[in-house]
Ligand code: GDP
Ligand code: MG
């Protein structure tokens, strides 16, 4: 019969890169220009049908990027099956912060079992771009990560992140 596989996914990245906006685009297909910043972490779920027999239910932890919540992050990524590390293509410093998150994930004992995606957000702000697609893609290749550039605002590429992650997860 139909099968429902459940997976835990965590979003990591500097404050204001658009983590919550990506999740809301995926879960509610909406965008809010004045989103309140996340306190601690938010939990949301969304189910994707991947073929006639199988659906994947994502249990999503949307973490706060602020330094004061940093010590809480391991609680959310420790048992995660997938991690989405987000940076803002208009802020070079946010890619540097993403690299630190990637290193932190790589130190986890179950690292080999975790599907990680590097995501450059705010693709609609192309004229303010500071991070080239080539540089970020190269980093993702070197570290063995999925890579996407998206816009939570327009919705461009957001669903694709979760579809590609679902393909990598161990669904029987
Ligand atoms: P978080 O702190 O990483 O969760 O970031 P938020 O989702 O709260 O977004 C931070 C700010 O960036 C908000 O003002 C959003 O409206 C804005 N934002 C998020 N995604 C995009 C995007 O794709 N394009 C543009 N132009 N702004 C965005
Ligand atoms: Mg947030």
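The values are calculated or read from the model by the stated rules, or taken from the named source; none is laboratory data. Since this is a predicted model, take the numbers as computed values, not measurements. All Cβ positions, even for glycine, are placed from backbone atoms using ideal geometry, and neighbour counts span all protein chains on display.
Does residue 151 fit the bill of being modelled with pLDDT of 95 or more, within 11 Å of ligand 1 (Cβ to nearest atom), under 25 Å from residue 75 (Cβ atoms) and surrounded by 17 or more Cβ atoms within 10 Å (Cβ to Cβ)? No. Would the stretch 72-84 turn up any residue that is touching a helix residue (DSSP H, G or I) at 6+ places or on another chain (Cβ under 6 Å), closer than 21 Å to residue 152 by Cβ and within 16 Å of ligand 2 (Cβ to nearest atom)? Scanning the stretch 72-84, I find at least one residue that is touching a helix residue (DSSP H, G or I) at 6+ places or on another chain (Cβ under 6 Å), closer than 21 Å to residue 152 by Cβ and within 16 Å of ligand 2 (Cβ to nearest atom), so the answer is yes.
For the stretch 154-172, residues that are loosely packed, with under 13 Cβ neighbours inside 10 Å, within 21 Å of residue 102 (Cβ to Cβ) and touching a residue at least 24 places away in the same chain (Cβ under 8 Å) total 1. Filtering 26, 34 for residues that are farther than 17 Å from residue 165 by Cβ and within 16 Å of ligand 1 (Cβ to nearest atom) leaves a single hit, 34.
Quick one: how many residues across the stretch 115-145 are farther than 18 Å from residue 169 by Cβ, out of contact with any strand residue (DSSP E or B) (no Cβ under 7 Å at 6 or more places or on another chain) and not in a helix (DSSP H, G or I)? Qualifying residue count for the region: 3.
Scanning the stretch 1-17 for residues that are over 13 Å from the mean Cα position of the chain (by Cα) and more than 16 Å from ligand 2 (Cβ to nearest atom) turns up 1, 2, 3, 4, 5, 6, 7. The test for being surrounded by 20 or more Cβ atoms within 10 Å (Cβ to Cβ), under 16 Å from the mean Cα position of the chain (by Cα) and at pLDDT 95 or above does not hold for residue 131.
Can you tell me which residues in the stretch 66-91 are in contact (Cβ under 8 Å) with a residue 40 or more places away in the chain and either surrounded by fewer than 23 Cβ atoms within 10 Å (Cβ to Cβ) or over 16 Å from residue 21 (Cβ atoms) (or both)?
Taking the stretch 66-91 first, the residues in contact (Cβ under 8 Å) with a residue 40 or more places away in the chain are 66, 73, 76-77, 79-91.
Result: 66, 73, 76, 77, 79, 80, 81, 82, 83, 90, 91.
So, residue 110, is that one in contact (Cβ under 8 Å) with a residue 60 or more places away in the chain, loosely packed, with under 14 Cβ neighbours inside 10 Å and farther than 23 Å from residue 25 by Cβ or not? So residue 110 fails the test. Pairing residues of the stretch 50-63 that are under 18 Å from residue 170 (Cβ atoms) with residues that are outside any strand (DSSP E or B) and more than 16 Å from ligand 2 (Cβ to nearest atom), at Cβ distances under 6 Å and at least 6 apart in sequence or on separate chains, gives 50/166; 53/2; 54/171; 56/50; 56/166.
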